[in-house]
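Since the structure comes first, as structure tokens, the remarks are kept for the end.
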Amino acid sequence: MKILHVTYSDKGGGAAIAVARLDKALIKQGIDSSILSVRCSEKTKPSIPAFGSIKLLLNQLENKFSWRILQNLKCTGFLGPCSLNLFPTGIHKKINASDADIIHLHWVNAEMISIEEIAKIKKPVVWTLHDMWAFCGIEHCSENLFFKNGYQLPLEKKPWKWHWMYRLDQWTWKRKKKAWKNCAFHFVTPGRWLANCVQSSQLLAQYPVEIIPNPFDINRFSPQNQSSVRETLKLPQNTLLVLIGAAALNARHKGIDLFIESLDYIQTSFEIVVFGGELKTSSKHIIHQMGAIWDEEKMASLYSAVDLFVLPSRIDNFPSTGVESLACGTPVVAFNIGGLPDMIDHKKNGYLATPFDVKDLAHGIDWILKQLDTKNKTNYQTLCSNAREKVVCYFSEEIVINHYKNLFLKILAQSKKGQNV
């Protein structure tokens, strides 16, 4: 059984990291797995380049042109990022010419492949969704419900840019509907929320959806001695530390602004540790800026060094950072949205706040930190133990790969029988 993962990048960003981990985990289980990507990392087992040097340059120009169109039309309040997948690249020919038994699509935006070319893939296709783009128009994350009604747009008076942007949404959605009407996709989502979105969408409701979480190396992400890692990372020893961060720290859907707003309501004294971008706030809290961290071992140390990780996302599918923190035995506070309830059990390994109540978010942070602020830390230690156990039982590599292996075998059996499912 040969699996070819198709993704724009195998480095940087949650989707890229998830693909690289899945590829590695499949190989550990004896499955022939490889990655076809535009942005390839330099690894012992490098990815297959999607394009040659000339085609790569053309793809970059097409991506910039597409992005410029979207930026020029972007209006206040519109939630990016977004993709057109407009330009044909011919990559489907390379995919069809491969000896793979199953094509596993992941994040294929940034003009890697056009919407129409996705329909031209002749091999069985599994598509793991890392955001909402597949069933939306141009949006990767959607706060509206237009994907449920086929982008039947409201007629209220809005700025002209609003109308043009949503007309573009509608046009892109119709392109998907036309191109994919005879396709036999098998969708996978890491959590229940995104699966429900697929099943409630007008575009993809007829397709089968499997819920399979992303795999995590529970040996790499595991609890470490807090005092030792704080010393290594040059963080204070006798202070409560709260971690916040994301690769795109300023993205609206990551909700960092909500965390900043919640600081006014938190009673417990603590310092903030930030990874990813730079956190700017008028708060009096001491902030330790750690910068961008791509090394998994350093991230594991950082999770172990802090007392709590806050994930204040407005929209999120299945953020790897949340599971990584839990795997390291560090409780997580988040809003009760998206895929967060799949990983966080309220008051058992973290806290799920009412969306998007900053006072309740503050209460959750206070609630966990106060477990540490007492002489008897048994409750906090139980939270940490539950956090680790959750990942070991549900998200470890062996468990996740068994789910994928069963799905792949089922699809291959159906394919041999000539069934369209």
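For residue 167, the test of being within 27 Å of residue 67 (Cβ to Cβ), of a type outside the set (Phe, Trp, Tyr) and either surrounded by 14 or more Cβ atoms within 10 Å (Cβ to Cβ) or at pLDDT 95 or above (or both) is passed. Search region 321-343 for residues that are buried (at least 24 other Cβ atoms within 10 Å of the Cβ) and pair each with any residue that is of a type in the set (Gly, Ala, Ser) and part of a helix (DSSP H, G or I) when their beta-carbon atoms are under 6 Å apart and the residues are at least 6 apart or on different chains. Pairs that qualify, where the first residue is buried (at least 24 other Cβ atoms within 10 Å of the Cβ) and the partner is of a type in the set (Gly, Ala, Ser) and part of a helix (DSSP H, G or I), are 326/387; 328/300; 328/304; 331/387; 332/322; 332/325; 333/364; 343/322. Screening 373, 357, 366 for residues that are under 25 Å from residue 142 (Cα atoms) and acidic (Asp, Glu) leaves exactly one candidate, 357. State yes or no: is residue 38 assigned by TED's automatic domain parsing to the domain that holds residue 111, crowded, with 18+ Cβ neighbours inside 10 Å and in a strand (DSSP E or B)? Answer is yes for this residue.
Residues checked against (1) assigned to a helix (DSSP H, G or I); (2) in contact with a strand residue (DSSP E or B) (Cβ under 7 Å, 6 or more places away or on another chain); (3) not assigned by TED's automatic domain parsing to the domain that holds residue 18:
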residue	(1), (2), (3)
117	yes, no, no
122	no, no, no
141	no, no, no
165	yes, no, no
177	yes, no, no
186	no, yes, no
199	yes, yes, no
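Determine, yes or no, whether residue 268 is within 30 Å of residue 29 (Cα to Cα), of a type in the set (Ser, Thr, Tyr) and surrounded by 15 or more Cβ atoms within 10 Å (Cβ to Cβ). Judged against the criteria, residue 268 is not a match. Each residue in region 185-207 was checked for being farther than 25 Å from residue 390 by Cα, surrounded by 15 or more Cβ atoms within 10 Å (Cβ to Cβ), within 21 Å of the chain's Cα centre (by Cα) and not β-branched (Val, Ile, Thr), and 5 pass. Which residue, of 56, 129, 105, is modelled with pLDDT under 95 and hydrophobic (A, V, I, L, M, F, W, C)? Exactly one of 56, 129, 105 is modelled with pLDDT under 95 and hydrophobic (A, V, I, L, M, F, W, C), namely 56. Scan region 339-356 residue by residue and report those that are closer than 14 Å to residue 315 by Cα and part of a loop (DSSP other than H, G, I, E, B). Hits for region 339-356 are 339, 354, 355, 356. Being buried (at least 16 other Cβ atoms within 10 Å of the Cβ) and in the same structural domain as residue 327 (by TED's automatic domain parsing) is a property that residue 233 has. No other residue among 242, 274, 323, 306 is modelled with pLDDT of 95 or more, in the same structural domain as residue 386 (by TED's automatic domain parsing), of a type in the set (Val, Ile, Thr) and more than 18 Å from residue 351 (Cβ to Cβ) apart from 274.
The values are calculated or read from the model by the stated rules, or taken from the named source; none is laboratory data. These numbers come from a predicted model, not from an experiment. Counting neighbours? That spans all protein chains shown, and the Cβs are built from the backbone with ideal geometry, glycine included.
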